[in-house]
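Read the structure below first, then the notes.
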Amino acid sequence: MEKRKILSNKLYLYLTEFFAGMSVMAVELGASRLLAPYFSSSQIVWTIIIGTIMIAMALGNIYGGRSADKNPNPDRLYGRIIIAAIWIALIPVLGKYIIIGISAVMIFSVNSNFLIWAAFAACMIIFVFPLFLLGTVTPSLVKYTVDDLEDSGKTVGMLNAFNTIGSIIGTFVPTFVTIPAVGTSITFLIFAGILLALAVVYFASGRIKSVKAVVGIVILVIAWITGNSDSFAFWETDLVYEGESVYNYLQVKEDEDEVYLSTNVLFGVQSVYVKKEELTGMYYDYAMAAPFMAGVREKEALDILILGMGTGTFATQCDRYFDGLSMEGVEIDADITKLATTYFHLSEDVPVYTYDGRAFLNAVDRKYDVIMVDAYQDITIPFQMSSVEFFTLVKEHLNPDGVMVVNMNMRGTEEGNINQYLADTISTVFPEVYTADVKGSTNRELFASENSSMLAVFDRNLELEENEELHRMMATVRDGLTRYEAGGYCMTDDKAPVELLGMQVIDGLIGDEVSYYKRIYEEDGIRGLMEELAPGRN
């Protein structure tokens, strides 16, 4: 077969390697953002993404090498690149629907490790095939670029260098440029377009029409028109705001009474604003017991620090019911802080620092009367904010009679659940630890202090409370407080399996939620299930 003239220019082959490496990393990062709103962005999900992509690349390397030896026709390689581009372009069009479909099937078919199986199945179906095709690039290009053995090492080294440089750029550009600027969907389309353009240039250089190239261009145009939406909750029609930040998927929903923030399509509400200036009915009300334990009605002023500020629900509630508070918040996601002032009416008098909670404590030497730790992200808590070392750091920033309150949002019942690990860990640092389960939710509030009189202080300040609504709420918390009896579980910076522990609780919660529908399916089959899920069914 006659060699195309463009292949005589090794620079073009190096650029092929460069853009292939760039696209692989861009797709990997895009995969994490596509999956995160449904399955979280935990280390478990990242492990699944990296593992499946490595499987795809390894298989692609093997197939690419054998194919190049058997049939060294570059047309086949660039044809595979077109197919990969088409597939990647279709991800923003179909990916969200595939994920929801897989989740629905997995919920009814697996009894444990739902997140692992659902995320793994989604990765295998959506991402493995195009990355398998891109995995064939390197061995194929080696075949086309090595002219003789004298310079084979140099040539292969250059190919690997271009692939690595492309991968580096493909790591930074989506994270810091395209995803924050135009979103995940457009990011997929941009890199699909790059791959398609690369292959089109190849075929155009030989003045040979490629049906694959024409089809690819048409599909890319259609995908740009139909798939450039940043809506992950595509079934929602009344969202006030939906978008992406560097760290999170963000969704704001509003009704006549409240405004909600969610950072995950499938799991929970992260913040709420009550328009009628009442209690929230959520864990934030329970957490307000911490200022009482620190003497809010006896002291002229309290200093409060909130690690995991979110949109400021706790700060807003404290500002409504208490006077003389000096509050500061720490929130790593600056876009959430913007939403706090836009939709959640967070007071401009409350400074919010864009920082990691632990890094903030390391950077300041101020002491506080109350420190709230509300750092749960999706289904888990950052490991660096769950260890003995972290809670020791919190204690060092509390006044002698100060109180730490920790929101634990996944109340487990099995031995060795995540909340037991957290409470045991905290008990190794603080001598006084009490917990209270939040009624009507899976949350549990934990209060810890070095002050052995924290409950006596609570009782005195409760007697001084004149607001009837708040007094009733605090009386409910007081009745539910239980002194925590520590066990032998403990987490450190070196060993904190928070993702696995969180997943275990999620399995239980999902099992409880879907057991009713599973029973209907087992008794009446798919027809009975569809009738039960039909709109208007009571």
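The values are calculated or read from the model by the stated rules, or taken from the named source; none is laboratory data. Because the structure is predicted, anything quoted here is derived from the model rather than measured. A quick note on method: Cβ atoms are made from the backbone with ideal geometry, for glycine too, and the neighbour counts reach across all protein chains shown.
Quick check on the stretch 252-274: of everything there that is of a type in the set (Ser, Thr, Tyr) and more than 21 Å from GLY502 (Cα to Cα), which residue is modelled with the highest pLDDT? Walk me through how you get there before you give the answer.
Step one: filter the stretch 252-274 for residues of a type in the set (Ser, Thr, Tyr), giving 260, 262-263, 271, 273.
With the extra rule that they be more than 21 Å from GLY502 (Cα to Cα), the set shrinks to 260, 273.
On the way: TYR260: 85, TYR273: 88.
Selected residue: TYR273.
The rows are residues; the columns are (1) within 19 Å of ILE194 (Cα to Cα); (2) among the charged types (D, E, K, R).
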site	(1), (2)
LYS70	no, yes
GLY79	yes, no
ILE86	yes, no
ILE98	no, no
SER103	no, no
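Has the stretch 160-174 got at least one residue that is surrounded by fewer than 19 Cβ atoms within 10 Å (Cβ to Cβ), at pLDDT 80 or above and more than 20 Å from ILE50 (Cα to Cα)?
yes
Do we find that ASN399 is part of a helix (DSSP H, G or I) and not aromatic (Phe, Trp, Tyr) in this structure? Walk me through it before giving the result.
On the way: part of a helix (DSSP H, G or I): no; not aromatic (Phe, Trp, Tyr): yes.
No, not satisfied.
Check GLY79, GLY21 and return the single one that is touching a Lys or Arg at 6+ places or on another chain (Cβ under 7 Å) and farther than 14 Å from ILE125 by Cβ.
Being touching a Lys or Arg at 6+ places or on another chain (Cβ under 7 Å) and farther than 14 Å from ILE125 by Cβ holds for just one of GLY79, GLY21, which is GLY79.
Counting just the residues of the stretch 79-124 that are polar (S, T, N, Q) and in contact with a helix residue (DSSP H, G or I) (Cβ under 8 Å, 6 or more places away or on another chain), which one comes out nearest to VAL221 (Cα to Cα)?
Keep residues of the stretch 79-124 that are polar (S, T, N, Q), which gives 103, 109, 111-113.
So of that shortlist, the ones also in contact with a helix residue (DSSP H, G or I) (Cβ under 8 Å, 6 or more places away or on another chain) come out as 103, 111-113.
Working: SER103: 29, ASN111: 41, SER112: 41, ASN113: 39 Å.
Only one residue fits best here, namely SER103.
Out of curiosity, is ALA475 of a type outside the set (S, T, N, Q), touching a strand residue (DSSP E or B) at 6+ places or on another chain (Cβ under 9 Å) and in the same structural domain as PRO400 (by TED's automatic domain parsing)? Steps first, please.
Details: of a type outside the set (S, T, N, Q): yes; touching a strand residue (DSSP E or B) at 6+ places or on another chain (Cβ under 9 Å): no; in the same structural domain as PRO400 (by TED's automatic domain parsing): yes.
Taking the combined requirement at face value, the residue does not satisfy it.
ALA456 fails exactly one of the following numbered conditions: (1) modelled with pLDDT under 95; (2) among the small types (Gly, Ala, Ser); (3) surrounded by fewer than 20 Cβ atoms within 10 Å (Cβ to Cβ). What is the number of that condition?
Only one criterion is unmet by ALA456, namely (1).
Per-residue answers, yes or no, for (1) of a type in the set (Asp, Glu); (2) crowded, with 24+ Cβ neighbours inside 10 Å; (3) at pLDDT 95 or above:
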| residue | (1), (2), (3) |
| --- | --- |
| MET309 | no, yes, no |
| ASP319 | yes, no, no |
| PHE322 | no, no, no |
| THR337 | no, no, no |
| THR342 | no, no, no |
| ALA359 | no, no, no |
| ALA363 | no, no, no |
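Which of the following residues is of a type in the set (S, T, N, Q) and touching a residue at least 40 places away in the same chain (Cβ under 8 Å): THR280, THR341, THR337, THR316?
Details: THR280 fails: touching a residue at least 40 places away in the same chain (Cβ under 8 Å); THR341 fails: touching a residue at least 40 places away in the same chain (Cβ under 8 Å); THR337 fails: touching a residue at least 40 places away in the same chain (Cβ under 8 Å).
Result of the check over THR280, THR341, THR337, THR316: THR316.
Are any of the residues in the stretch 371-380 modelled with pLDDT of 90 or more, over 25 Å from ALA423 (Cα atoms), touching a helix residue (DSSP H, G or I) at 6+ places or on another chain (Cβ under 6 Å) and crowded, with 20+ Cβ neighbours inside 10 Å?
No, the stretch 371-380 contains no residue that is modelled with pLDDT of 90 or more, over 25 Å from ALA423 (Cα atoms), touching a helix residue (DSSP H, G or I) at 6+ places or on another chain (Cβ under 6 Å) and crowded, with 20+ Cβ neighbours inside 10 Å.
Within the stretch 391-407, can you find the residues that are among the β-branched types (Val, Ile, Thr) and closer than 24 Å to ASP285 by Cβ? Reasoning before the result, please.
Step one: filter the stretch 391-407 for residues among the β-branched types (Val, Ile, Thr), giving 392, 394, 403, 405-406.
Residues satisfying the conditions are VAL394, VAL403, VAL405, VAL406.
Listed here are the residues, each with its yes/no results for (1) crowded, with 24+ Cβ neighbours inside 10 Å; (2) within 28 Å of ILE179 (Cα to Cα); (3) in contact (Cβ under 8 Å) with a residue 12 or more places away in the chain.
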| residue | (1), (2), (3) |
| --- | --- |
| GLY21 | yes, yes, yes |
| ALA26 | yes, yes, yes |
| TRP46 | no, yes, yes |
| LEU90 | no, yes, yes |
| VAL93 | no, yes, yes |
| ILE102 | no, yes, yes |
| SER109 | no, no, no |
